Amino acid sequence: MSTISSVNATMPRVMSGASSRMSPNQKMTNLFQQIDTNNSGSITPAQFTQAFQNLNPPVAFKNMGHEAILSKLDSNGSNSISKQDFVAGMTKLMEQARNQAANGTAAPSPVQTISDSRASFDAILGNFINTHV
């Protein structure tokens, strides 16, 4: 077994519900280290996208989509996510997902969001046409 394989085999699967004995910050720190494949201390959009596709993110995160999560983590648009921003951002997103699940108010899927936006746009357009034509 190669060194990389043995390391990956012993690393917890944070996104799929790793050990509950670790704090959320530790889980996210471990996940950051998994994603930062070149050990640069930051994550690129490409690394994040690859990890999102290869790891097993929670359903709430799948519903949000990797681009929405990425934009929350890289809010300044630098195309680089620091460890500090990743840990803080992902911990916050996990808390929000848990709260929504506990309250039965899960975040809508991107398809539902687009559908709702389209319906709102159609209603506004219809009102505009009715009042101006």
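The values are calculated or read from the model by the stated rules, or taken from the named source; none is laboratory data. Just so you know, these numbers come straight off a predicted model, no measurement behind them. Cβ sites come from the backbone with ideal geometry, for glycine too, and all protein chains shown count toward neighbours.
Once the stretch 1-37 is narrowed to residues that are modelled with pLDDT of 90 or more and assigned to a loop (DSSP other than H, G, I, E, B), the residue that is surrounded by the fewest Cβ atoms within 10 Å (Cβ to Cβ) is Thr37.
A quick yes/no check of all residues on (1) in contact with a Lys or Arg (Cβ under 9 Å, 6 or more places away or on another chain); (2) surrounded by 17 or more Cβ atoms within 10 Å (Cβ to Cβ); (3) outside any helix (DSSP H, G or I); (4) at pLDDT below 90:
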position: Asn39; (1), (2), (3), (4): no, no, yes, no
position: Thr49; (1), (2), (3), (4): no, no, no, no
position: Pro57; (1), (2), (3), (4): no, yes, yes, yes
position: Lys62; (1), (2), (3), (4): no, no, no, yes
position: Ile69; (1), (2), (3), (4): no, yes, no, no
position: Asn76; (1), (2), (3), (4): no, no, yes, yes
position: Phe86; (1), (2), (3), (4): no, yes, no, no
position: Gly89; (1), (2), (3), (4): yes, yes, no, no
